[in-house]
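A short reminder: the numbers here are calculations on the coordinates, not readings from a lab. It should be emphasised that the depicted structure is a prediction, and the values quoted were computed from it without experimental measurement. Here the Cβ is made from the backbone with ideal geometry for all residues, glycine too, and neighbour counts use every protein chain on show.
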Amino acid sequence: MNISNAALIQTITNQLATQVSSIAQLQMQLSSGQTLNLPSDNPAAVTQVLALSGQAKQLSSWQANVEMATSWLNTANSTANSVLQSMQSARGLLLQAANQGAQSPTTYQAIGSQLKGVVANLLSLSNTQYQGRAIFAGTSASPQAYDASGNFLGDTNSPTVVIGPGSGGGQTVGLSVPGTVMFGVGASNVFATLSSAATTLLSGAPTSANISTALNALDSVISGAEQGAASMGDASQLLSSASASLTTQISSILSSQSNLENVNIATATTQLSLETTSYQAALWAASQAIPETLVKFL
Amino acid sequence: MSDMGLSIAASGLAADTAALDTASNNLSNINTLGYAAEKVNLSPEAATGPLGAGQGVIVGSVSQLTDAVFSAANVAAEGIQGAATQTNHVLRSIESIFPEPSSTGIASQLSTLWSDLSALASNTNQAGSQQAVVGAAQSIAESISSSYTQLSQLSSSLQSQVGTGLNDGGTLAQANGLLQQVAQLNTVIVAGSVSGQDVNALSDKSAAAVNQLAGLLGVSTSRDAHGSVTVYLNGVQLVAGDVAQSLTTTGSAATTNLGIVTANGVALDAQGSIGATLTAVNTTIPTYEQHLNSVADSLATSLNALQANGMDANGEPGSAIAGGGVSLPNIFVDGGSSNAYTTSTASFDSAATIRVSAALLATPALIATASAPGPTNSNVIGTPTLDGTNAQAMAALASSPTGPDLNYQVMIGALGSEAANASVASATASNLATTAASNLSSISGVNQNREEMNILAAQNAFQATSKVVSAITISFQSLLAAV
């Protein structure tokens, strides 16, 4: 075939341009550390990377929620233990007042003032805060769950955080039960019950009916509080298993993402040196081929 | 035989000179675009009588080395390459508007919005968290509308690249100029070839113009016996004899109906780079604008619906909740409205003007973090609450199968595939064009070695014929001396 000089030069130019463009692409991959720089670099992988990084971010949000919920529930659980202890000690005092038959007014008054101390202690526990939020105020914006006279200021929602996929906002975990669960509802709450019992005892002459009414009311509060404490304990357990599973999921997603988009340095550098070698060979061949014509030998 | 063969030698010298001239012309045009190598056609002059030698050599013509099949293939390949290259350029430009995956792209901004909403759900009344959500929403709206603007700018710059066909420097005006040129050359070529002149250089010019036309419009051609070229596009004659059509555009990029018509109003389905530009402007770019619209619509409608059915941290109800109070503003609005978002239609592009409502920008606390009062909660309209369940629902849109993230991923996947295909098609077309050009060049290209051999041959023949002249001269002299 008759190869004209113009065609020879055009062919060499095209081939060199192809090689330079693959060298440029490898160089870009190596300097950015990424194989995917534009959607067309690998459309399927790019879509997957977008989905994976969105997923990773969502999992990290849930992870952050789990951490926040864990430390909230640590506060809530230890507070709930103290609350139960205080309630048990109040129960002990009431039993003491009830058991021994008629006692001297001073004994009743001593028990009554101890009971007052317990009420004050419970009231301060009921207003325990986590980062400025009263943990037993439900989702109310009130900074206190109970006022000084033991009236509930919060609402009966249980604050929640999302820790995984699910319907609505996702799978939620309750942070702490509202005060109505922990301390009883309205006039029969622990503060009203114990305050009125203390007042009766301080008067020095309580009737056994007074005391047994107070005991019954207290028992029902305690059983509610125990259930509340148990549910917060369950939530803590749920969180620790959720945390472990989120950590595994995040690391597996990050590793598939990195497999898709990060440059395999060894492969890319080998490829680059291959391309460079063949580019040099092509340049050498071109420099040899182009100047050769019959003129040189005439 | 009265001149003892001097006239025979003279015809040989003339033939060798013609051969040297042709080789010299070929070598001079070795790098001229569209030049077809020439060769001298010689024929022997017959003897005049029954006895005796022939009467020398006749220089018949100087003809071009061309091949009709390879020329037509070359013209077709130019058209395909013109289209493929332009399509590839357009898709590269679109891709550069969406350089995913990146840490600053729309996908990453959406993820940031969802995780900011998730953080807000646990800190509903914190100004910092509220500001973060509104800021993230604003940056997405800005990215969507600026991407849309870049797409429509690309579209209008492509339209001005084509131009109107009038003398405005556009590619269509260039094509019109070439059509004129081919028609004028036809006139000269026909006149020249009828009167027996050498029209090779004019044919080269005409072929070069046709090649450029093929790249621009994807035309095909035929050539008659006198060398007059007829240029066709979709069976319509753009150049016939000395008459050239003048093409103009109709419609516009903005209305996605940019087209090309002849002066008689016949619509043409242009190929080549102009055809590819029309496809880009009328189909490709509008497709991605629609994709962006659906990203904007799914983002705005899903978040606005949750906003309308929720309550902010101060207990103000969303617009869909009855029960007094000031109703909350929408999160996203379209540019023309203070509080309404209109989804895109055939004649309205929501992505162009989506933005965060001014009321929310001024007061980020107006975001509906709490659920509306209902059987599952004790929320009350007008009562401040730290309930974050509505913000949780907003954050859950991250994995919604109808959410903006998936819409955007679909769009990027489609863009990536289309751009990757265009890049392969462009490389293939370029190979095809190179092959076609080298096929043609194998016939009509100038081969330096061949020309040098021709020079040597002509030179040797010239020297030998000169010897004949000198021999005849000496013979004459001896004859004259003997007389």
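Just a few scattered comments:
- Residue selected from region B:152-191 under the condition free of Cβ contacts under 8 Å to residues at least 12 places away in the same chain and in contact with a helix residue (DSSP H, G or I) (Cβ under 8 Å, 6 or more places away or on another chain), by the criterion surrounded by the fewest Cβ atoms within 10 Å (Cβ to Cβ): B:N167
- Among residues of region A:49-88 being of a type in the set (S, T, N, Q), more than 9 Å from every other protein chain (Cβ to nearest Cβ) and touching a helix residue (DSSP H, G or I) at 6+ places or on another chain (Cβ under 6 Å), the one that is farthest from A:A145 (Cα to Cα) is A:Q63.
- Exactly one residue out of B:A270, B:A296 is crowded, with 21+ Cβ neighbours inside 10 Å, in contact with a helix residue (DSSP H, G or I) (Cβ under 8 Å, 6 or more places away or on another chain) and part of a loop (DSSP other than H, G, I, E, B), and it is B:A270.
- In region A:189-202, residue surrounded by the most Cβ atoms within 10 Å (Cβ to Cβ) [restricted to those that are among the hydroxyl-bearing types (S, T, Y) and farther than 13 Å from A:L215 by Cβ]: A:S195
- Where A:V161 falls short, out of the listed (1) surrounded by 19 or more Cβ atoms within 10 Å (Cβ to Cβ); (2) in contact (Cβ under 8 Å) with a residue 60 or more places away in the chain; (3) more than 8 Å from chain B (Cβ to nearest Cβ); (4) closer than 28 Å to B:L120 by Cα: (3)
- Pairs with Cβ under 6 Å, 6+ apart, first in region A:115-136 and closer than 23 Å to A:G204 by Cα, second outside any helix (DSSP H, G or I): none
- Residue count for region B:336-380 satisfying the condition of being within 36 Å of the chain's Cα centre (by Cα) and either of a type in the set (D, E) or under 30 Å from B:N123 (Cβ atoms) (or both): 3.
- Filtered residue count, region B:16-34, keeping only those that are without any contact (Cβ under 8 Å) to a residue 24 or more places away in the chain and within 34 Å of the chain's Cα centre (by Cα): 2
- Residues within region A:267-298 that are within 14 Å of chain B (Cβ to nearest Cβ) and either more than 30 Å from B:I455 (Cα to Cα) or part of a helix (DSSP H, G or I) (or both), tallied: 5
- The single condition among (1) surrounded by fewer than 22 Cβ atoms within 10 Å (Cβ to Cβ); (2) within 21 Å of A:R133 (Cα to Cα) that A:L73 does not satisfy is (1).
- Any hit, region B:314-332, residues being more than 14 Å from chain A (Cβ to nearest Cβ), in contact (Cβ under 8 Å) with a residue 24 or more places away in the chain, within 49 Å of the chain's Cα centre (by Cα) and outside any loop (DSSP other than H, G, I, E, B): yes
- Test: A:A51 is touching an Asp or Glu at 6+ places or on another chain (Cβ under 9 Å), closer than 23 Å to B:T104 by Cα and surrounded by fewer than 20 Cβ atoms within 10 Å (Cβ to Cβ): yes
- Residue that is part of a strand (DSSP E or B), on the phi < 0 side of the Ramachandran plot and out of contact with any Phe, Trp or Tyr (no Cβ under 9 Å at 6 or more places or on another chain), where the choices are B:S63, B:S96, B:S111, B:S24: B:S63
- Summed over region B:453-483, the residues that are free of Cβ contacts under 8 Å to residues at least 60 places away in the same chain and within 23 Å of B:A15 (Cβ to Cβ) give a count of 9.
- If you go through region B:398-455 and pick out every residue that is touching a helix residue (DSSP H, G or I) at 6+ places or on another chain (Cβ under 7 Å), at the interface with chain A (Cβ under 8 Å from one of its Cβ atoms) and hydroxyl-bearing (S, T, Y), you end up with 8.
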